[in-house]
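Engineer: Have a look at this one.
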2 protein chains.
Amino acid sequence: MGNIKKKRNERIGGLIKILSDQPNKVITLNYFCELFAAAKSTISEDIVIAKSILEDFQLGTIQTITGALGGVKYTPVVNKEKTIEFLQDICNKLGKEDRLIPGGFIYMTDIIYSPNIATKIGEILATQFYHKDINYVLTMETKGIPIALMTGKALGVPLVIVRRDSRVTEGSTVSINYVSGSSNRIQNMSLSRRALPKDSRVLIIDDFMKAGGTAKGMMDLMDEFECKVEGIGVLVATDQPEIKVVDNYVSLLHLREVDIKNKKIHIAPNLNLK
Amino acid sequence: MGNIKKKRNERIGGLIKILSDQPNKVITLNYFCELFAAAKSTISEDIVIAKSILEDFQLGTIQTITGALGGVKYTPVVNKEKTIEFLQDICNKLGKEDRLIPGGFIYMTDIIYSPNIATKIGEILATQFYHKDINYVLTMETKGIPIALMTGKALGVPLVIVRRDSRVTEGSTVSINYVSGSSNRIQNMSLSRRALPKDSRVLIIDDFMKAGGTAKGMMDLMDEFECKVEGIGVLVATDQPEIKVVDNYVSLLHLREVDIKNKKIHIAPNLNLK
């Protein structure tokens, strides 16, 4: 293990692995100095090289944070070209007619539950919000959980899951009613009182948005927790209804139309992403 | 990007990042030859170095697969020493008296929804089952999803989520009744018919096991899908009842006793893990 002098190869390999395992977590230079038994100046040089390797292969970037809480952190930024290419590939999969489910729904759990795809979606969603200082990712069970977890991983923040019913195993909860835009029914969502401290800056993530009722419910819930919603990101938003009950959401994909009669799904990447 | 000759530093850094982003996925040597504009012999040398770096820092290992479908893959093996250290740390957190919830439950969502903790739990669970040839990880919504997703990520296989109610957006479903061991109530679980192909080898993952009723339900459900359950892994299993309705489960932590009166939680790592 550490504390024995390492070659540059070894330091760079270890540094990239350790940083990228914990995105957006600041790790001190001292940690690497000790692990590699190397001087700070050496580690600084290694970091410059590691950063250029990651950027060269478009695998994210490394940032140096100066000051008392200083150190270095890895951010899995996805560039626009790779984003569009990846999203187009998802659209090609989702657009197949055998994904059409009675009711005009699209079967997509095999895609969004795939860990590697969920990771990439999470990194793309996170890329839209790195400039906000997010503390928590919030989602509503169930289907959005994998991509929300991976968004939290990329941002380096915890996930909070809102439940449909208040579960006995999470202590006292705050519950609110909301109107699900698609079904127009009054439903319930609840969250453990201790899940979020007051004044947290929250990013709402979900797999699908139609009218936005669920997202609006989560915003109302955040009011109860005295938290601030800094953004809303979804994988798919439908073009209809055009006016949602929430503003300022980012969707990676636009579901233009589901033509049940001719079994056609029109879905396309959002070309206005970062 | 690629196709321009790279230095060894750069190749090793890129190789480690690319392999570890997709655990247990075999990547061909040709892919790296093209990306780095290097000969196969050079890449083979790089792989030996990358492997020794990862093993040296106890960050997993790299395996070379020979034959027509050959290539190289990264496996996030967690060694026993690191496993016990990590689990002991979780126990120290979970054992605090303010985690006790009326009903004798323990508040643990802040821990198991943390992406970095969930990743490590997933890698430790995966380490118990790398020797089995798993095709899918199966979990029951909701709280087990983050650790199940990360177990799937480590194993390089997709996640399948069993639902409590049959949702309209997943097409035709198979539903079964099961008896929740803890509440002794008959409940329902359902899964989309297209979620799993016949003859899949499945690993069941969950956050908590008391009597094992939920796991047993998932086993019965797998019978309906003509799939084979290769293992059951849970984060926490209670010591009582001693005899569960399923055999051969692996739990990372043992919940010995919850002493409500004195507000004591006795929880300890399983010392018999791989």
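Engineer: Just checking, which of A:Pro23, A:Pro76 is closer than 30 Å to A:Thr238 by Cβ, within 13 Å of another protein chain (Cβ to nearest Cβ) and crowded, with 16+ Cβ neighbours inside 10 Å? Spell out the reasoning first.
Structural biologist: Values: A:Pro23 fails: closer than 30 Å to A:Thr238 by Cβ.
Result of the check over A:Pro23, A:Pro76: A:Pro76.
Engineer: Is it the case, given these coordinates, that B:Asn24 is at pLDDT below 95 and closer than 25 Å to A:Tyr74 by Cβ? Spell out the reasoning first.
Structural biologist: Details: at pLDDT below 95: no; closer than 25 Å to A:Tyr74 by Cβ: yes.
Here the answer is no, as B:Asn24 does not meet what is asked.
Engineer: Within the stretch B:154-163, does at least one residue satisfy the condition of being surrounded by fewer than 19 Cβ atoms within 10 Å (Cβ to Cβ), out of contact with any Pro (no Cβ under 7 Å at 6 or more places or on another chain) and among the basic types (Lys, Arg)?
Structural biologist: no
Engineer: Let me ask you something else. Answer yes if at least one residue in the stretch B:107-121 is touching a residue at least 60 places away in the same chain (Cβ under 8 Å), of a type outside the set (A, V, I, L, M, F, W, C) and within 18 Å of B:Ile267 (Cα to Cα), and no otherwise. Reasoning before the result, please.
Structural biologist: As a first pass, look at the stretch B:107-121 and keep what is touching a residue at least 60 places away in the same chain (Cβ under 8 Å): B:108, B:112, B:121.
Subset that is of a type outside the set (A, V, I, L, M, F, W, C): none.
Within the stretch B:107-121 (the criterion being touching a residue at least 60 places away in the same chain (Cβ under 8 Å), of a type outside the set (A, V, I, L, M, F, W, C) and within 18 Å of B:Ile267 (Cα to Cα)), the answer is no, since none of the residues qualifies.
Engineer: Still on this structure: If I filter the stretch A:62-84 for residues that are more than 17 Å from the chain's Cα centre (by Cα) and closer than 24 Å to A:Glu257 by Cα, do I get at least one hit?
Structural biologist: No, the stretch A:62-84 contains no residue that is more than 17 Å from the chain's Cα centre (by Cα) and closer than 24 Å to A:Glu257 by Cα.
Engineer: Also: Within the set of pairs 6+ apart or on separate chains, which have a first residue in the stretch B:1-13 that is more than 7 Å from every other protein chain (Cβ to nearest Cβ) and within 13 Å of B:Val48 (Cα to Cα), a second that is buried (at least 17 other Cβ atoms within 10 Å of the Cβ) and modelled with pLDDT of 90 or more, and C-beta atoms under 7 Å apart?
Structural biologist: Partner pairs satisfying both residue conditions: B:Arg11/B:Phe36; B:Arg11/B:Ala38; B:Arg11/B:Asp46.
Engineer: Which one of these does A:Ala148 not meet: (1) within 13 Å of chain B (Cβ to nearest Cβ); (2) surrounded by 24 or more Cβ atoms within 10 Å (Cβ to Cβ); (3) within 26 Å of A:Ala50 (Cα to Cα)?
Structural biologist: Condition (3) is where A:Ala148 drops out.
Engineer: Among the listed residues A:Gly67, A:Gly95, A:Gly122, which satisfies the condition of being touching a His at 6+ places or on another chain (Cβ under 8 Å) and either away from every other protein chain (no Cβ under 13 Å) or within 21 Å of B:Ile161 (Cβ to Cβ) (or both)?
Structural biologist: A:Gly95
Results for (1) at pLDDT 95 or above; (2) more than 26 Å from A:Phe36 (Cα to Cα), shown as yes or no for each residue.
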| position | (1), (2) |
| --- | --- |
| B:Thr66 | no, yes |
| B:Gly70 | no, yes |
| B:Thr75 | yes, no |
| B:Val78 | yes, no |
| B:Ile84 | yes, no |
| B:Leu94 | yes, yes |
| B:Asp98 | no, yes |
| B:Ile101 | no, yes |
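The values are calculated or read from the model by the stated rules, or taken from the named source; none is laboratory data. Note that the structure is a prediction, hence the values are computed from the model and not measured. Heads up, the Cβs are rebuilt from the backbone with ideal geometry, glycines too, and the neighbour counts pull from every protein chain shown.
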